[in-house]
Amino acid sequence: MKAEENTAQNVETTTGSHETTATTGAASAQAVLALSLMEDQEHAELERTWSDEPGLWNWLRSVDHKSIGKRYIVTAFIFFLLGGLLALIMRLQLSRPENTLLGPDQYNQIFTMHGTTMMFLFAIPVMEAMGIYLVPLMLGTRNIAFPRLAAFSYWIYLFGGITLYVFFFLNIGPDTGWFSYVPLAGPEFSPGKRVDIWSQLINFTEIAALAASIELIATTFKLRAPGMSVNRIPLFVWAMLVMSFMVIFAMPAVMTSSLFLTLDRLVGTHFFNQAEGGDPLLWQHLFWFFGHPEVYIIFIPALGFVSSIIQTFSRRPNFGYLALVLSMIATGFIGFGLWVHHMFATGLPQLGESFFTAATMMIAIPSGVQIFCWIATLWSGRPQFKTPLLFVLGFFFIFVLGGLSGVMQASVPVNLQVHDTFFVVAHFHYVLIGGAVFPLFGAFYYWFPKMTGRMLGERLGRWNFALLFVGFNLTFFPMHQLGLQGMPRRVYTYLPGTGWGKLNMLATAGGVVMTVGVALFILNALWSRRRGRVAGDNPWGADTLEWATSSPPPSYNFDYLPIVQGREALWARTDDAPVVTGLRTNCRDVLLTKTLDAEPDNTMSLPSPSIWPVGVAFSAAVTFIGSCFTPWALVWGAIPAFISLVGWGWPKPKDDKCDLTPVDEWSEEKRRKEARRAQ
Ligand code: HEM
Ligand SMILES: [Cu+2]
């Protein structure tokens, strides 16, 4: 029976038969019940069809968005810890004048690795990872579109990150800053392999980001539950959609510039060589055409976290749903019109600069609209100040301060005064840590129960928040003053006579407090994962569909796919709410729905677990790294890449009836395997 035979008319909507109560919490509980009325036989069949077999080999082959999402989040968080450790070492070096903990070369490598890790290996991957885990659940489907591509995205990202750190520990780490300007990064001033490694890392991380974005867009456009028309899409999903389109337009710019840099360094072209007709400013235009949207690509998912948390803890729908959606889209567009504000000190024509000044100030408007909507929601709601909401309040305070110093720097005269000083370092940490890391920690406290089935400790959570909030402001607020007093960034030490010692010592003390805060979080997570309070399906009484299934969710996400009856899916759900039935349980079938109104359109079978995405990622790694040392690597890598791609796309046998192993035979086999393993 081929896919098209299993078109929408084979799929039915069936109603539940329970009493409906008015209150939101109760309604969502009833709704949960309706979605789990499946016979055991079908359950077992769904479990067999969608779950990953145990063991390392099957872990490598997994294409389940939840397991890929979780490992992506944990990996990105490990890079956050590595980047944070590098930051702490920098802070210790700068804690007093003429310190000798680090030499100039080490310091250059460390701030470059810190910035590169935080921007390419932590901030964007963690946001995409949260999307890969949450979006299919929030849309009410069984897996992400192109699940093998999701697996490939994780593996190529992981290989890229490992490669960078291996070379760093071999003292071949990049040392030209996270934006690696030429001619410093060119063949003349940076001989050796450091910049080549950095330049190749861009390929790893940007391909991973592009792959994840394509999946998120396709999932949002085609796999939404029936009834979830565009004006009922959860705000977090809107945020991931806007972010994904920004990735598709931004990442090619930095991939092009890093390719040009690699060619200039390894092949002898002259894209950035002024003496041969090239232009060093081309690098800056290409890099920042990516680099500025990059910060909004990090920020916009965090806006999705904030909207989800505020709605749940205000116990009411967000004020101004349409305004929140349109301001995210506006931020996405305006974000591509600002990049020159990073280049005001390069002597560009004033007229051009004034346009970018205006655009940079203008982008504060959609951010203001969002903050207004959230305050209106909290004001008219019944706020419950649980840890996730505390992190959101921290976001309000810190991000607004960061935004204000951003608007200041939009004016060219101010910009020229503070360019390349610690005022700039303070600004972008206020917008990055305030705008993304604080909402992310709130999101961890909010969705940890769904991912693990256990609640994080609330008391430890409050301490975690307090230490991060105080530590952060102690670390970065003094940097504004240091910058105004003329302290340049990227200097490994300074003279006692500058008078920068006290404020730097204060900033370092703040860094230590932040570190204790992050350590508390790790403690809380490791402890709660085993011994935290059992969460249940919907501990917060929230409205989005991920809370309509168990915690953690089963491999197939939902017994019956839900049908959405309102914008706040679970709060609007009645107890006789319809569900989708008729999807085959012995195949990885999902329901395709129409992009605008989410009317059922068709069904399709998603691909099964496979090792080939790992194969393609590994071959790409051999090619990218090998090519830094010899052009033959392009051949060595192309062969396994070709074989893996053929394996990946190898067509399923025509008469494939999905998984035919009779369910009881399969579960018997499973029991035998578990018994053997238990011995
Ligand atoms: C966790 C606490 C953090 C501390 C204490 C910290 C500290 C610092 C310091 C002191 C510098 C300046 C180095 C210099 O110019 O001499 C720096 C640079 C930087 N930081 Fe952080 N940082 C932290 C977190 C983050 C996060 C979360 C991000 C991004 C999401 C980030 C992104 C950057 C970038 C992009 C640079 C510029 C590196 C360069 O100049 O090439 N930092 N950080
Ligand atoms: Cu910018």
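The values are calculated or read from the model by the stated rules, or taken from the named source; none is laboratory data. Everything numeric here is computed off the predicted structure, so don't read it as measured data. Using ideal geometry, Cβ is built from the backbone for each residue, glycine included, and neighbour counts are taken over all protein chains shown. Accessible surface areas use protein heavy atoms only, side chains included; no ligands, DNA or RNA. Shrake-Rupley method; radii C 1.70, N 1.55, O 1.52, S 1.80 Å.
Structure above, values below:
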read-out: Per-selection Rg to Rh, the range 113-208 - Cα, Kirkwood hydrodynamic radius; value: 1.09
read-out: Amide proton proximity set for Asp589, modelled H, under 5 Å, gap of 5+; value: Leu606
read-out: Chain lengthening between Asn99 and Phe385 when straightened (0.36 nm per residue, less Cα-Cα); value: 98.6 nm
read-out: Under 5 Å, built H, 5+ apart or other chain: amide partners of Thr421; value: Arg489
read-out: Isotropically averaged projected area of the range 321-395, using the convex hull of Cα atoms (one quarter of hull area), nm²; value: 6.4 nm²
read-out: Sorted largest first, extent of the range 240-361 alpha carbons per principal axis (Å); value: 63, 34, 17
read-out: Cα-derived Rg to Rh of the chain, Kirkwood definition; value: 0.98
read-out: Filter on Lys70/Lys222; Lys450/Lys652; Lys222/Lys652 - keep pairs with C-alpha separation over 25 Å; value: Lys450/Lys652
read-out: Å³ per residue enclosed by the Cα convex hull of the range 161-269; value: 116 Å³
read-out: Rounded percent of accessible protein surface that carbon and sulfur make up, the chain, 1.4 Å probe; value: 68 percent
read-out: Ranking by accessible area, most exposed first, for Lys450, Lys193 with a 1.4 Å probe; value: Lys193, Lys450
read-out: Cα-only radius of gyration and Dmax that characterise the range 47-95, units Å; value: 17.5, 57
read-out: The range 238-245 - phi-based ³J(HN,Hα) in whole Hz, Karplus 6.51/-1.76/1.60, Gly and Pro as x; value: 4, 4, 5, 5, 4, 4, 5, 5
read-out: Computed FRET value (nearest 0.05) for His270 with Gln41, which takes r as the C-beta separation and R₀ as 60 Å; value: 0.30
read-out: Euclidean distance between Cα centres, the range 483-511 to the range 556-621, Å; value: 54 Å
read-out: Mean shadow area of the range 387-539 over all directions, Cα convex hull, nm²; value: 9.8 nm²
read-out: For the chain: accessible area per residue (Å², 1.4 Å); value: 40 Å²
read-out: Inter-centroid distance (Cα atoms) of the range 63-92 relative to the range 349-421, Å; value: 26 Å
read-out: Contour minus Cα-Cα distance for Trp636 and Glu674 (0.36 nm per residue); value: 9.6 nm
read-out: Pairwise FRET efficiency - Leu281 versus Gln106, Cβ, R0 = 41 Å, nearest 0.05; value: 0.85
read-out: Vicinal HN-Hα couplings computed from phi for the range 411-423 (Karplus, 6.51 cos²θ - 1.76 cosθ + 1.60; Hz; Gly/Pro x); value: 7, 4, x, 5, 4, 5, 6, 9, 3, 6, 10, 5, 5
read-out: Hull volume in cubic angstrom per residue (convex hull over the Cα atoms of the range 307-362); value: 92 Å³
read-out: Listed residues His270, His480 arranged by accessible area, highest first, probe 1.4 Å; value: His270, His480
read-out: The range 302-394: relative contact order as a whole-number percent, Cα under 8 Å and 6+ apart; value: 51 percent
read-out: Crossing angle, helix 194-222 versus the chain [Cα axis fit, 0-90 degrees, rounded to tens]; value: 30 degrees
read-out: Table column - 3J(HN,Hα) (Hz), the range 341-353, Karplus curve with 6.51, -1.76, 1.60, x for Gly and Pro; value: 5, 7, 10, 4, 8, 9, x, 6, x, 4, 4, x, 4
read-out: The range 571-642: C-alpha pair distances exceeding 19 Å, %; value: 63 percent
read-out: For the range 412-499, alpha-carbon Rg and Dmax in angstrom; value: 17.7, 56
read-out: Using a Förster distance of 22 Å, the FRET efficiency for Arg530-Leu170 (Cβ separation, nearest 0.05); value: 0.05
read-out: Stretch gain in nm, segment Phe355-Leu495, where the contour uses 0.36 nm per residue and the Cα spacing is subtracted; value: 46.5 nm
read-out: For Thr581, distant residues with modelled amide H under 5 Å away; value: Glu12, Thr13, Thr14
read-out: Value of relative contact order over the chain, rounded to a whole percent, pairs C-alpha under 8 Å and six or more apart; value: 24 percent
